[in-house]
Amino acid sequence: MNFGGVSWGTIAAQKYLIDWEEIEMNAKPFTIGVLTSGGDAPGMNAAIRAVVRKAYESNAQVLGIANGYEGLLNGEFRPLGIRDVGGILQRGGTILQTRRSERFKEPRGQREAIRRMNEAGVDGLIVIGGDGSLNGAHALHKQGVKVVGVPASIDNDIWGSDMAIGVDTALNTIMEAVDKLRDTASSHSRAFVVETMGRNSGYLAVMAAIVCGAEIVLMPEVQSTVDEVASAVEDAYRRGKTHAIIMVAEGANIRTTELARIIDEMDVGFKTRVTILGHIQRGGRPTAYDRLLAARMGTRAVELLLEGHTDVMVGLQEMGINPIPLEEVTSRSRPVASKYYEMAKMLAR
Ligand code: ADP
Ligand code: F6P
């Protein structure tokens with residue numbers, strides 16, 4: 001075995017000259033902790049795999065932390081080797097499991113998490129998750145932890161990255177579902193009110209409206225009225241359309257089922273049906289785009305940690321992956337995709 005160019009035999013021979021504690025410290029490879037937190041997103045596994053394999057290439061080691069910050073608090077660590085992440089690239093969800101943790105939000109919880117990390121010998125942490133999780137990462141940095149964030153959330157509501165891991169897969173899932181609904185809608189001359197996820201973000205709804213050819217979209221960032229929706233649907237009917245799709249983000253100002261009931265009663269030409277897509281949008285095999293993004297972000301996160309960066313998130317900007325200060329990520333909101341809102345309306349003619 002070779003030890004920094006000196007063989008074990010040589011070290012033993014020079015024993016009396018050697019500070020063993022220092023040798024042990026130098027011998028310990030950089031240890032990266034990795035966790036997934038918040039809502040799961042397709043591609044999280046691909047990101048974990050990239051972290052582990054890049055760390056291996058860089059002579060670092062990885063401890064997987066189960067159950068997000070809750071697992072960090074409970075000391076749920078286990079070594080992740082290159083074979084442990086085999087066969088997961090194409091799987092949705094996260095092999096590390098994810099949780100939400102109220103305890104971790106409190107400074108006391110964070111201190112306990114740091115104690116656990118020190119105990120396990122973690123030198124730097126990679127947090128894969130949404131905006132809440134990145135806030136948690138920033139909080140850890142403020143207490144001296146070396147941390148790099150990887151944006152993963154189907155909502156695409158994270159400042160500093162054009163795309164988060166999971167968004168593309170979710171959008172494709174919605175598109176496939178709406179294409180199917182449209183078959184029934186046109187065969188029966190119906191309007192379908194389709195609810196996408198997005199409690200605070202209309203990104204999925206507005207992008208789905210564009211790629212699925214919806215008549216109108218409702219999203220949390222824009223206040224809509226039932227009359228607006230009714231007239232868009234009625235207008236579509238008058239223009240000779242055989243169906244109408246109304247996309248509604250989960251957090252829009254009008255409840256989906258309520259909207260469908262009122263539109264149906266208003267007799268706008270089409271009978272109305274409602275479909276709430278729900279959590280199918282969070283699951284499934286990640287698309288090629290998400291796998292590639294996860295590979296690029298996971299490897300860059302390891303590079304940044306090993307180069308000594310901390311308190312940053314890897315962000316996709318103009319096709320490049322750049323370090324974005326977590327201070328900026330956690331204090332700013334992604335602008336509403338208003339140009340896309342207008343585009344969806346214009347294309348619905
Ligand atoms: P997501 O990361 O998908 O946005 P959440 O908003 O639920 O999901 O956040 C995930 C976890 O991150 C929370 O359960 C909590 O433990 C932690 N977290 C969220 N916000 C903060 C905060 N401001 N400070 C510290 N930890 C936070
Ligand atoms: O963060 C992604 C998201 O899908 C939101 O759009 C949605 O409101 C939320 O998660 C629901 O999460 P859960 O069902 O896990 O509480």
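Only one of 144, 129 is touching a residue at least 24 places away in the same chain (Cβ under 8 Å), within 12 Å of ligand 2 (Cβ to nearest atom) and either open to solvent by 10 Å² or more (accessible area, probe 1.4 Å) or farther than 20 Å from residue 320 by Cβ (or both); which?
Working: 144 fails: within 12 Å of ligand 2 (Cβ to nearest atom).
Exactly one residue qualifies, and that residue is 129.
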Problem set entry | In segment 173-195, the residues that are within 22 Å of the chain's Cα centre (by Cα) and either within 16 Å of ligand 1 (Cβ to nearest atom) or surrounded by fewer than 20 Cβ atoms within 10 Å (Cβ to Cβ) (or both) | 175, 176, 177
Exercise. Going through segment 76-96 one residue at a time, which ones are surrounded by fewer than 17 Cβ atoms within 10 Å (Cβ to Cβ) and touching a strand residue (DSSP E or B) at 6+ places or on another chain (Cβ under 9 Å)?
Worked result: 78, 79, 81, 84
For this session: Might you check whether a residue that is over 18 Å from residue 198 (Cβ atoms), more than 10 Å from ligand 1 (Cβ to nearest atom) and charged (D, E, K, R) occurs anywhere in segment 147-169?
Result: no
Exercise. Of the residues that make up segment 7-21, is at least one open to solvent by less than 40 Å² (accessible area, probe 1.4 Å) and modelled with pLDDT of 95 or more?
Worked result: no
For this session: May I ask you to verify whether residue 115 is within 8 Å of ligand 1 (Cβ to nearest atom) and farther than 30 Å from residue 291 by Cα?
Result: no
Seminar exercise, completed: Residues of segment 321-349 being exposed (fewer than 12 other Cβ atoms within 10 Å of the Cβ) and closer than 12 Å to residue 221 by Cβ, in sequence order, are 335
For this session: Being open to solvent by 20 Å² or more (accessible area, probe 1.4 Å), of a type outside the set (A, V, I, L, M) and more than 16 Å from ligand 2 (Cβ to nearest atom) is the filter here, so list the residues in segment 63-75 that pass it.
Result: 74, 75
Problem set entry | Residues satisfying the stated conditions in segment 237-284, i.e. touching a residue at least 24 places away in the same chain (Cβ under 8 Å) and on the phi > 0 side of the Ramachandran plot | 269, 278, 284
For this session: Within segment 313-330, track down each residue that is within 18 Å of the chain's Cα centre (by Cα) and not in a strand (DSSP E or B).
Result: 319, 326, 328, 329, 330
Problem set entry | Among the candidates 226, 211, 167, 222, residue that is open to solvent by less than 10 Å² (accessible area, probe 1.4 Å) and aliphatic (A, V, I, L, M) | 167
Problem set entry | Lone qualifier among 198, 136 - being within 15 Å of the chain's Cα centre (by Cα), open to solvent by less than 40 Å² (accessible area, probe 1.4 Å) and in the same structural domain as residue 258 (by TED's automatic domain parsing) | 198
For this session: Working carefully through the options 206, 274, 248, 217, find the one that is more than 16 Å from ligand 1 (Cβ to nearest atom), within 26 Å of residue 129 (Cα to Cα) and in contact with a Lys or Arg (Cβ under 9 Å, 6 or more places away or on another chain).
Result: 248
Problem set entry | All positions within segment 268-312 that are assigned to a loop (DSSP other than H, G, I, E, B) and not charged (D, E, K, R) | 268, 269, 270, 277, 283, 284, 286, 287, 308, 309, 310
Exercise. Does any residue of segment 283-302 turn out to be surrounded by 14 or more Cβ atoms within 10 Å (Cβ to Cβ) and more than 19 Å from residue 42 (Cβ to Cβ)?
Worked result: yes
For this session: Scan segment 83-106 and report the pairs whose first residue is not assigned by TED's automatic domain parsing to the domain that holds residue 41 and whose second residue is acidic (Asp, Glu) and open to solvent by 70 Å² or more (accessible area, probe 1.4 Å), with Cβ atoms within less than 9 Å and a gap of 6+ or a chain change.
Result: none
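The values are calculated or read from the model by the stated rules, or taken from the named source; none is laboratory data. As the structure is a prediction and not an experimental result, all values here were calculated from the model. We place every Cβ from the backbone using ideal geometry, glycine too, and count neighbours over all the protein chains shown. Heads up: the accessible areas ignore ligands, DNA and RNA and are worked out on the full protein's heavy atoms, side chains in. Shrake-Rupley method; radii C 1.70, N 1.55, O 1.52, S 1.80 Å.
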